[in-house]
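The values are calculated or read from the model by the stated rules, or taken from the named source; none is laboratory data. The structure presented is a predicted model; accordingly, all values stated were derived computationally and were not measured. Every residue, glycine as well, gets a Cβ built from its backbone with ideal geometry; the counts of neighbours run over all protein chains shown.
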Amino acid sequence: MTINSTASILLLLYQLVAEEQGVDPKKLGGTIQNDLLKEYIARGTYIYPPRPSLRIITDVFAYCCEHLPQWNFISISGYHIREAGSTAVQEIAFTIANGIAYVQAAVDAGLAVDAFAPRMAFFWNGHNNFFEEVAKYRAARRMWWRIMTERFGARDEKSKLLRFHTQTGGSTLTAQQPDVNVVRVATQAMAAVLGGTQSLHTNSFDEALGLPTERAAKLALRTQQVIAHESGVVDTVDPLAGSYFVEALTDQVEADAWRYLDKIDGMGGAVAAIEAGYMQDEIEQSAYAYAKAIEGGEKVIVGVNRYVEDEPELAEVFPIDPALQRQQADRVRAVRAGRDKAAVDAALDDVRAAATGTQNLLPPMKEALKRRATLGEVSDVLREVFGVYQPAR
């Protein structure tokens, strides 16, 4: 579930639906992204300041360890960092820095590292430079194992594994000659598989135009299936291991990423670096350099600055029905009209008291949602207590 500021609320709603249907929450499996720090760095869909957001995240860790033991309660995401314009090295360095911050916050909150670390996961971007991407995934796995072993003293081997999902790079796909995006997606997906991804999302070729049409979505799925069943690359683990070029490139990517991590540690960690705007500035500089290279022709993008066609291709675009928005608003109004408002208000007061204090936020939030408080109402209570984040610049 790709959601961050309100991930805890969505998770509780999902649990409530399961309980209403008689499903044991301990059997629920799934993933919430729940990665707030990258929102301040790259994506912008934050609500509260970083430190209260870290508290919510660690409360989710603790709650899931007790109530939803099969749930993956965070997917630490480099995808959006790369989409914002970072390099491959910055993608893994800044993402791992965020991961360190989450683990440290959980340990500081009293959680044992081996109690929660096996349920952590990562989410990477699949970009165009084939061998650099393979090296990136390999370097990230080695770095996380070392961090969890040496820095946090994890003993369970599952705590040290960098389990990761990959999505092919949306920002690399072009509105010009969109059919060519099929080739880009296949190349990016193949690199992710060779780099060891456990889960994969292949973008549709019409990504730059809108939501995927049914034809485009099916072709994206077939791309994965051809790689899985026809290519043979899944028959062995780490098939490029031992290649001089791949090993040397992996070493270089890892060394460059460690230099970034040392810099961030020297600033006081990821939260302090975010508050200082350090990672944001680094990404902006990389994005500018990349865009300048395309505009100057140094970086070739097929169909954009070379092999350009005068006549644009006509592509089918997914239609969006405005009536759906009105229908959903009507459903929310109906829920509000039919609930016990006094009970909702009392439950929201309990959420407010928990936010002001130190108790885990999720149990009172769950009770408020059970009484039919809305996602917006719960969020508004937290806004009152935590405030709304305003970037320094």
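In table form, for the structure just shown:
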quantity: Of all residues making up the stretch 356-380, the number that are in contact with an Asp or Glu (Cβ under 8 Å, 6 or more places away or on another chain) and within 16 Å of S5 (Cα to Cα); calculated: 2
quantity: Qualifying position, being at pLDDT below 95 and assigned by TED's automatic domain parsing to the domain that holds N98, among E275, E254, E284; calculated: E275
quantity: Residue match in the stretch 65-78 (condition: closer than 21 Å to W258 by Cα, surrounded by fewer than 19 Cβ atoms within 10 Å (Cβ to Cβ) and touching a residue at least 40 places away in the same chain (Cβ under 8 Å)); calculated: no
quantity: Residue in the stretch 61-79 that is of a type in the set (D, E, K, R) and either farther than 26 Å from G110 by Cβ or not in a helix (DSSP H, G or I) (or both) present; calculated: no
quantity: Restricting the stretch 95-120 to residues that are touching a residue at least 60 places away in the same chain (Cβ under 8 Å) and more than 27 Å from S243 (Cβ to Cβ), the residue that is nearest to the chain's Cα centre (by Cα); calculated: N98
quantity: Which numbered condition F122 fails, given (1) part of a strand (DSSP E or B); (2) more than 24 Å from V193 (Cα to Cα); calculated: (2)
quantity: K158 vs. criteria in contact (Cβ under 8 Å) with a residue 12 or more places away in the chain, farther than 27 Å from R43 by Cβ and in the same structural domain as R222 (by TED's automatic domain parsing); calculated: yes
quantity: Residues satisfying the stated conditions in the stretch 272-322, i.e. within 30 Å of A216 (Cβ to Cβ) and hydroxyl-bearing (S, T, Y); calculated: S286, Y290, Y307
quantity: Test: T31 is surrounded by fewer than 17 Cβ atoms within 10 Å (Cβ to Cβ), assigned by TED's automatic domain parsing to the domain that holds V103 and either out of contact with any helix residue (DSSP H, G or I) (no Cβ under 7 Å at 6 or more places or on another chain) or not charged (D, E, K, R) (or both); calculated: no
